[in-house]
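This report concerns only the one structure given below.
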Amino acid sequence: MSDSTQMHHSGKLHFMLKSTPPRTTFQQDMSDEERTIMGKHIAYWTDKQNQGIALVFGPVRNPTSPHGIAIIEVENEDQVPKLIAEDPAVIAGIMTTEYHPMLAVLPNQKS
């Protein structure tokens, strides 16, 4: 491991979230209503990023299996299902989201 990365031992936990849209063509053919909901979905995760929860998120442009990914940092695993359940795209039934624990390697934090 280089000097610029380390296993993160802050006591926080990391998870990878994978959100799957209702169809592979979703980004090209979403309805106006779906587009509005996806705008709320992006705003929701941007807010979580501003709070330091979502470290990174965005669409993965795999043509045969498009999906969204988020890497999140939380105090405990119980927070994860709540974060997913409050996502406007999940509430609307547009996205289904699964999550898995992750051993994150992050840049060194300067004091």
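All of the numbers you see were taken from the coordinates with simple rules; none came from a lab. Being a predicted model, the structure only gives us computed values, none of them experimental. Reconstructed Cβ throughout: ideal geometry from the backbone, glycine too, with neighbour counts over all protein chains shown.
General observations
- The range 19-56, residues that are of a type outside the set (Ser, Thr, Tyr), surrounded by fewer than 16 Cβ atoms within 10 Å (Cβ to Cβ) and either touching a helix residue (DSSP H, G or I) at 6+ places or on another chain (Cβ under 6 Å) or not in a helix (DSSP H, G or I) (or both): Pro22, Arg23, Lys40, Gln51, Gly52, Leu55, Val56
- Against the conditions (1) surrounded by 14 or more Cβ atoms within 10 Å (Cβ to Cβ); (2) within 14 Å of the chain's Cα centre (by Cα); (3) hydrophobic (A, V, I, L, M, F, W, C); (4) part of a strand (DSSP E or B), Leu106 satisfies every one except (2).
- Flag if Pro59 is loosely packed, with under 12 Cβ neighbours inside 10 Å and either touching a residue at least 24 places away in the same chain (Cβ under 8 Å) or more than 13 Å from His14 (Cβ to Cβ) (or both): no
- Filtered residues of the range 30-68 (kept if in contact with a Phe, Trp or Tyr (Cβ under 8 Å, 6 or more places away or on another chain) and among the aliphatic types (A, V, I, L, M)): Ala54
- All positions within the range 62-100 that are in contact (Cβ under 8 Å) with a residue 24 or more places away in the chain, among the charged types (D, E, K, R) and either surrounded by fewer than 18 Cβ atoms within 10 Å (Cβ to Cβ) or not in a loop (DSSP other than H, G, I, E, B) (or both): Glu73, Glu75, Glu77, Glu86, Glu98
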